[in-house]
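All remarks here apply to the structure that follows.
The values are calculated or read from the model by the stated rules, or taken from the named source; none is laboratory data. The structure displayed is predicted, hence computed values, not measured ones. So basically every Cβ, Gly included, is an ideal-geometry build from the backbone, and we count neighbours across all protein chains shown.
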Amino acid sequence: MNDFQFARIPKIHFGPGSISLLPGILTHFGSRILVVVSKTYSKTSSFPLLFNELSKQTIQPEVVDLSGEPSPLFVDTVVQQKRPFQPDVIVSIGGGSIVDAGKAIAAMIPMEGSVRDFLEGVGTRSHTGQKTPFIAIPTTAGTGSEATKNAVLSETGPNGFKKSLRHDNFVPDVTIIDPELTRSCPADISMPVGMDAFTQLLEAFTSTHASPMTDALAFSGMERVVESLPQVFKDPDNLEARTDMAYAALISGITLANAGLGIVHGFASAIGGMFPIPHGVVCGALLAPATRINIAKLKQSEANPVSLRKYVETGKLFSYKQKSDDYFLQLLHEKLREWTTTFNIPKLRMFGITDGDFDRIISGTTLKNSPVELSRDELMQILTEAS
Ligand SMILES: [Fe+2]
C-alpha cells in the first residue's frame, strides 16, 4: 500500500430538499452574506423563495451573478466591490464555475493584491490560507468542486491559461448537496459534467497516488454513474438518478483531491486555457480514447498490473456476465465510446480545435498521476480520436 494523506472534507449536508437547511446554517456564521449565483439559477423560481426564507431571519444578502467560467479579473472586481461590505460568509449556488468563483472570492477578501499573484504557474506569491467562511451549493452534478481545495480560474486567448488557486483551507466549510437543484439542469450540461465526474473517479481510481480509502470511494461513485447517468439522459426528472449523480460528483471531488487525476485532466488544463470549451465536454470527448490508449499501454508494458486490474473491475460494472479480463477491458472502452455518442458529447473540432493546434496542446499537457507513461505519439492518437 502507498503511504497516503487524506485532506479535510467539508461538513456535508446531502439529500433532496437539503437546501432548506441553509437559513439555519447561516445563523452560525453571521448576517452579512455574499451570494455568488449562476445567472441560470438566479432566474429559477427557487431563488426568490430562498430569499424569502432568508429575509424571515432578517438576512439581506448581497448578490453577484456570473455566467461562464470565472477569470482573475472577475474575482478581483468582485473582491474590490464587496470587501467594504465585510461578508461574514460567502455562499455559492451554481455549477462548478460558480463554486470556484465563490471559493476564490472567499480566499481573496482578506488578501491584498490580485488573485493572479497567487495562481499556480502564473503568480509568485503563496497564500496564507486565511479566508472568509465559504458554503458551496452545487446545482450541477459534475466537477466535485464542492469538496476540493482549489478554485480554477481561466483566461482564454493566445496567452490564455486555466490555473488553480489552491490551499488546504480553501475546502468549503460546508456543502449542501440537494439533488433537487440538479433536476432542471439541461442535458447539454448534465451529460458532459456527468462524464467529467466519471473521468475524475476513474482517473483517481487508477492513479499512481490512489489509496485504499480513495479506491473504495471512487468505486462507489463509479457504480452510481454507470447505473444512473444513462437514466438521467432518458428521464432528466428522475430524482433517484439525479441523487446518484450528485453523490458521484461529490465523491469525485473528494477522490481527485486525495488521489490526483490522469491524462484527460492533463489535456483539459492545456485545452481549457487555449479554447473556450466547457470542461465537461473536453473530458467527455477525451475519456474513451484515453482509456483505450492507457489500457493498451498497460497491457503492453506490464508496468502496473494493479491499475490494469482496476480497469478490469471498472469494466465489470457494465455487465454481469462471466467473461475474461480482456472482454471487460474492451467493454469499458466500448461503453465509454457509446456514452460519448449517445449523450451527444461534441467532438473537440466543434470548438475550433484543428490538427494544427495539436502540437501546442501536447506541449502544454502533463500526465498528472496517469497509471502509465504515454509517448507523444500516443497523446497525438488520443487527441486525434477526440477531435
Ligand atoms: Fe474534471
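Among the residues of the stretch 115-153, count how many are β-branched (Val, Ile, Thr), within 16 Å of the ligand (Cβ to nearest atom) and part of a loop (DSSP other than H, G, I, E, B).
3
If you go through the stretch 191-245, how many residues are polar (S, T, N, Q), within 16 Å of the ligand (Cβ to nearest atom) and assigned to a helix (DSSP H, G or I)?
The qualifying residues number 3.
In this structure, does Ala147 turn out to be surrounded by 23 or more Cβ atoms within 10 Å (Cβ to Cβ), in contact (Cβ under 8 Å) with a residue 60 or more places away in the chain and among the aliphatic types (A, V, I, L, M)?
Judged against the criteria, Ala147 is a match.
Might you check whether a residue that is in contact with a Pro (Cβ under 9 Å, 6 or more places away or on another chain) and assigned to a loop (DSSP other than H, G, I, E, B) occurs anywhere in the stretch 368-386?
No; the residues of the stretch 368-386 include none that is in contact with a Pro (Cβ under 9 Å, 6 or more places away or on another chain) and assigned to a loop (DSSP other than H, G, I, E, B).
Of the numbered conditions (1) outside any loop (DSSP other than H, G, I, E, B); (2) away from the ligand (no atom under 14 Å from the Cβ); (3) within 29 Å of Ala151 (Cβ to Cβ), Val312 satisfies every one except a single condition; which is it?
With respect to (1) outside any loop (DSSP other than H, G, I, E, B); (2) away from the ligand (no atom under 14 Å from the Cβ); (3) within 29 Å of Ala151 (Cβ to Cβ), Val312 is out only on (3).
Among the listed residues Ile263, Ile277, Ile271, identify the single one that is at pLDDT below 95, surrounded by 24 or more Cβ atoms within 10 Å (Cβ to Cβ) and within 22 Å of the chain's Cα centre (by Cα).
Residue meeting the stated conditions: Ile271.
How about the stretch 271-280: which of its residues are within 11 Å of the ligand (Cβ to nearest atom) and in a helix (DSSP H, G or I)?
The answer is Gly272, His279, Gly280.
Scan the stretch 14-37 for residues that are in a strand (DSSP E or B) and farther than 19 Å from Phe85 by Cβ and jot them down.
Phe14 - this is the single residue of the stretch 14-37 that is in a strand (DSSP E or B) and farther than 19 Å from Phe85 by Cβ.
Residue check: is Gln330 assigned to a helix (DSSP H, G or I), over 30 Å from Asp235 (Cα atoms) and assigned by TED's automatic domain parsing to the domain that holds Arg224?
No: the conditions fail for Gln330.
Looking only at the stretch 146-190, which residues are closer than 22 Å to Val282 by Cα and polar (S, T, N, Q)?
Thr148, Asn150, Ser154, Thr156, Asn159, Ser164, Thr182, Ser190 - these are the residues of the stretch 146-190 that are closer than 22 Å to Val282 by Cα and polar (S, T, N, Q).
Considering each residue of the stretch 246-270, count those that are closer than 18 Å to Gly160 by Cβ and within 12 Å of the ligand (Cβ to nearest atom), and give that number.
Looking only at that region, the number is 5.
Among the listed residues Leu49, Leu66, Leu34, Leu54, identify the single one that is crowded, with 18+ Cβ neighbours inside 10 Å and over 23 Å from Lys131 (Cα atoms).
None of the other options fit; the residue is Leu54.
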